[in-house]
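First the structure, in the form of structure tokens, and then the observations on it.
The values are calculated or read from the model by the stated rules, or taken from the named source; none is laboratory data. Just so it is clear, the model here is predicted, and its values are computed rather than measured. Here the Cβ positions follow ideal geometry from the backbone for every residue, glycine too, while neighbour counts run over all protein chains shown.
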Amino acid sequence: MHHSSKQRRSHRWIGALVAVALLMGGVGGFLTYAHRHEGRAPRGTMLMGQDVSGIDRQTLIALVSQRAASASLTLNVKGTSTTVPISQIARVDAQATVEAAVSGAGSPMAHLRGIVRKREVTVRYTIDEEARAALVSQLSSTLHDHAVEPTVAWDEDGGGFIASPGRSGDGIDPDDLDSVLDAAVRKLSDHTAPLSIRRTEPTVSAEEASAVARSATALLDAELSVTVDAAAHTATRAQKASWIDFPIKEDRIVPMVSQDRVKAWVSSLTAEAERSPVNAINDVDSSGTVLQLARPGKAGRRAGNIEEVTAALAQGLGQGRSLSQEISWNEVPHSTENRVVPSGPERFAYQAKEGEKWIDVNLTDSTLTAYEGQKVVYGPILINHGGVGHETVTGTYKIYLRHRAQDMGCTPEWPYCERGVPWVSYWHKSYALHGAPWVKEFGIGTDESSHGCINIPVADAQAIWQWSEIGTTVVTHY
């Protein structure tokens, strides 16, 4: 039978269409597979000793991170066991490890290879050389006849650093530790292994240690000072020496200035001068209506450049370079509190007649307020009063003697002498209201500082003196 050319062309077209359909189906299947397995470990992937096929990227990162954080390494040295977290000496890169695990995700060929054989992915990590050296030293120190490195220490009597020689002895083989660590990191699970011991020499010679001691002693000649509120504080030679450590790094003793210890010294200078804010107080009635300001607020302050001063001092000492630094201050704002008090005249410490002048000295709030009757005419202002052993007497008194200025103390029976004290009003024996030009700060936090008198800012003391008179009532109370 013969087929026409038309029929043969028709068969070829049908074959071509079938081939295209099969190709499209294959491409579609490939794309579907690739999409479904994108970001997942291909079949046959082994990580940390387990099959992680099909697990997605984020889950794997969480798994590796968790295992890295929790796995421990127990090392046996001559019958003594020491357990440390693997994370103490190995820095596992979970991201890089997982990227290697999901490499080839979505590839049908990777899937086919996984059917035939497993693919072992190693955990990516780096060794913390400093932590490793510290661990080797720690483990070696458990040995009876362990090697000892030379040391450099402060000699108070000599005023400098001196070196002590090391000695040869037994020690841990660092290469052995690396092999044990690598085996532990491969599975990121708790691992126990013995470590071998070898005879070792100190990595630093006695001559090198002595040279370091001499150079470190020379650093102490640098004069380092910090000024706090115009007062300069210079670090002593012993203080500077206490800031220097002598770790061994890469087989050398390297003097290192401890920023933490420098900062502790700087902070000790500023601590006494720092102030917490003291909130203002409004006296309010039971409904919350403000009756009067009872106590002005007082801003606090904090040292604003401790970190910068610390860094400069540490650098200066490390370079043997003299320098001075000054503390700057940041203001800490106060807030306002409400204090509920009776709304009637009983809220006052003194029941004054209408228009009667009287002065309220509140030793709890460290304030002074001038009244005429129940009306505030001046204040409240912040004041200072008597400290421990010199407490200000309490009660109701009257001004009986006034001076524009006078010397206070300045006789053998008094432990102090202040010349030309301004605006003085005595109200009980030697207790007086007066200006205090030598005082820098008033109010809670610095208030218990006088010998019993009420210390007042000079301008306020003048205003009170000019307003008051002989016979004006003064009430001091808590």
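So the values come out like this:
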{"read-out": "Those residues of the stretch 89-134 which are surrounded by 18 or more Cβ atoms within 10 Å (Cβ to Cβ), under 30 Å from K78 (Cα atoms) and modelled with pLDDT under 95, in sequence order", "value": "A133"}
{"read-out": "Residues of the stretch 64-86 satisfying the condition of being among the aliphatic types (A, V, I, L, M), within 19 Å of R124 (Cα to Cα) and either surrounded by fewer than 19 Cβ atoms within 10 Å (Cβ to Cβ) or touching a Leu at 6+ places or on another chain (Cβ under 6 Å) (or both)", "value": "A68, A69, A71, I86"}
{"read-out": "Selection from the stretch 290-311 of residues that are within 30 Å of R261 (Cβ to Cβ) and of a type in the set (A, V, I, L, M)", "value": "A303, I306, V309, A311"}
{"read-out": "Filter pass, Y416 being among the aromatic types (F, W, Y), loosely packed, with under 13 Cβ neighbours inside 10 Å and touching a residue at least 24 places away in the same chain (Cβ under 8 Å)", "value": "yes"}
{"read-out": "Matching residues, the stretch 141-168, being crowded, with 17+ Cβ neighbours inside 10 Å and without any contact (Cβ under 8 Å) to a residue 40 or more places away in the chain", "value": "H146"}
{"read-out": "In the stretch 198-229, residue surrounded by the fewest Cβ atoms within 10 Å (Cβ to Cβ) [restricted to those that are in a helix (DSSP H, G or I) and not aliphatic (A, V, I, L, M)]", "value": "E207"}
{"read-out": "Hey, R237 farther than 15 Å from V152 by Cα, touching a Gly at 6+ places or on another chain (Cβ under 7 Å), basic (K, R) and touching a residue at least 12 places away in the same chain (Cβ under 8 Å) or not", "value": "yes"}
{"read-out": "Meets criteria (closer than 18 Å to G387 by Cβ and out of contact with any helix residue (DSSP H, G or I) (no Cβ under 6 Å at 6 or more places or on another chain)) for G471", "value": "no"}
{"read-out": "Wholly within the stretch 237-341, strands (runs of 3 or more DSSP E) carrying at least 1 residues that are among the hydrophobic types (A, V, I, L, M, F, W, C), outside the structural domain of K375 (by TED's automatic domain parsing) and farther than 23 Å from Y478 by Cα", "value": "300-303, 323-326, 329-332"}
{"read-out": "Leading residue by the ranking (farthest from the chain's Cα centre (by Cα)) among those in the stretch 141-197 that are in a loop (DSSP other than H, G, I, E, B) and of a type in the set (D, E)", "value": "D145"}
{"read-out": "Members of the stretch 44-63 found to be touching a helix residue (DSSP H, G or I) at 6+ places or on another chain (Cβ under 6 Å), surrounded by fewer than 18 Cβ atoms within 10 Å (Cβ to Cβ) and outside any helix (DSSP H, G or I), listed by number", "value": "G49"}
{"read-out": "Count - residues of the stretch 237-269 that are surrounded by 12 or more Cβ atoms within 10 Å (Cβ to Cβ), more than 24 Å from P202 (Cβ to Cβ) and over 23 Å from the mean Cα position of the chain (by Cα)", "value": "1"}
{"read-out": "Some residue of the stretch 265-286 being small (G, A, S) and touching a Lys or Arg at 6+ places or on another chain (Cβ under 7 Å)", "value": "yes"}
{"read-out": "Total residues in the stretch 396-429, condition at pLDDT below 95 and in a loop (DSSP other than H, G, I, E, B)", "value": "7"}
{"read-out": "Top-ranked residue of the stretch 433-478 - restricted to ones that are of a type in the set (D, E) and not in a helix (DSSP H, G or I), ranked as surrounded by the fewest Cβ atoms within 10 Å (Cβ to Cβ)", "value": "E469"}
{"read-out": "Where a residue in the stretch 330-358 is more than 17 Å from T289 (Cβ to Cβ) and its partner, wherever it lies, is in a helix (DSSP H, G or I), with Cβ under 8 Å and at least six apart", "value": "Q351/P345; K357/W467"}
{"read-out": "Members of the stretch 431-451 found to be modelled with pLDDT of 95 or more and in contact with a Phe, Trp or Tyr (Cβ under 9 Å, 6 or more places away or on another chain), listed by number", "value": "Y431, A432, L433, H434, G435, A436"}
{"read-out": "Selection within the stretch 367-392 - part of a loop (DSSP other than H, G, I, E, B) and in contact with a strand residue (DSSP E or B) (Cβ under 6 Å, 6 or more places away or on another chain)", "value": "I383, G387, T392"}
{"read-out": "Residues being in contact with a Leu (Cβ under 9 Å, 6 or more places away or on another chain), over 26 Å from L291 (Cβ atoms) and among the polar types (S, T, N, Q) - total across the stretch 393-431", "value": "1"}
{"read-out": "Positions within the stretch 399-413 being touching a strand residue (DSSP E or B) at 6+ places or on another chain (Cβ under 8 Å), charged (D, E, K, R) and exposed (fewer than 14 other Cβ atoms within 10 Å of the Cβ), in sequence order", "value": "R404, D407"}
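Residues are listed down the side, and each one gets a yes or a no for (1) under 29 Å from S276 (Cβ atoms); (2) without any contact (Cβ under 8 Å) to a residue 24 or more places away in the chain; (3) more than 47 Å from the chain's Cα centre (by Cα):
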position: E391; (1), (2), (3): yes, no, no
position: G395; (1), (2), (3): no, no, yes
position: Y400; (1), (2), (3): no, no, yes
position: Q406; (1), (2), (3): no, yes, yes
position: G435; (1), (2), (3): yes, no, no
position: T473; (1), (2), (3): no, no, yes
